[in-house]
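Here's the structure we're looking at; comments come further down.
The values are calculated or read from the model by the stated rules, or taken from the named source; none is laboratory data. Source: prediction; values computed, not measured. These area figures cover heavy atoms from the full protein model, side chains too; ligands, DNA and RNA do not enter into them. Shrake-Rupley method; radii C 1.70, N 1.55, O 1.52, S 1.80 Å.
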Amino acid sequence: MKSWRSSVVRWLRVVHRDLGYLMVGICLVYGISGLLLNHMNGKDPAYRSSYYTLDFPAGLDRDGVSAAWNGRSGLPRLKNALPLDDQHTRLMLEGGMGVYNSATGTLDYELHEKRALVYWINKLHYNRVDGWSVMADLFAVSLVFFALSGLFMIPGRKGLPGRGKWFLLAGVLIPVCYVIFT
């Protein structure tokens, strides 16, 4: 006859395994998005930015900059031109923005193109999709379950009673030390 402990461990393994398979897609969403967000360097990874410089005649006013912009082909649609100060005009573009310097005639602008997959996984990561909170909560509870059930899966020297306790201690100390010493 099986012991109570072996029955519990067996069921922990079954649920851990099957729930793990179910959560793989969500793990990928949070993992990939988390890596991208950790290495943003001040830029939103959901958009690819391109930077350009054009030479226009110096001394143009807001209307002159608008006319010069609209007179060139292949440029994004100009939504608005707003004076910033005596020397600069801000251009609001379809998908970007620019600044014209009337002293030099230089117009620097940037365009932002959405990276669809990255955009959507970041929206899920930030929980900005209606109804996703239920899935995010289920995932969070699953992570707690994975952490706790995983403690009891391996018996003996290689499990929690053996070397596992040292890895568990290290895993707890890493965030604790980070909070204390930073």
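The table for this structure:
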item	result
Overall Cα dimensions of the chain - principal axes, largest extent first, Å	91, 37, 21
Accessible surface of the chain [probe 1.4 Å, protein heavy atoms]: carbon and sulfur percent	63
Solvent-accessible ranking of Leu36, Leu107, largest area first, probe 1.4 Å	Leu36, Leu107
For Val118, solvent-accessible area (1.4 Å; no DNA, RNA or ligand), Å²	30
Solvent-accessible ranking of Thr182, Thr106, Thr53, Thr89, largest area first, probe 1.4 Å	Thr182, Thr53, Thr106, Thr89
With eigenvalues of the C-alpha gyration tensor scaled by 5 and rooted, region 50-121, Å	25, 12, 11
Long-range tail of P(r) for region 96-182 (Cα pairs > 19 Å, %)	70
For region 83-136, convex hull of alpha carbons as volume per residue, Å³	105
Stokes-Einstein translational diffusion, region 23-83 - Kirkwood Rh over all Cα pairs, 1.567 mPa s, 4 °C, in µm²/s	84
Pairwise centroid distance, computed over Cα atoms, of region 122-182 with region 43-100, Å	48
Gaussian network model of the chain, Cα within-10 Å springs - most flexible of Ala147, Ala170, Ala136	Ala170
Interchain or long-range residues, amide H under 5 Å from Phe56's placed H	Thr106, Leu107
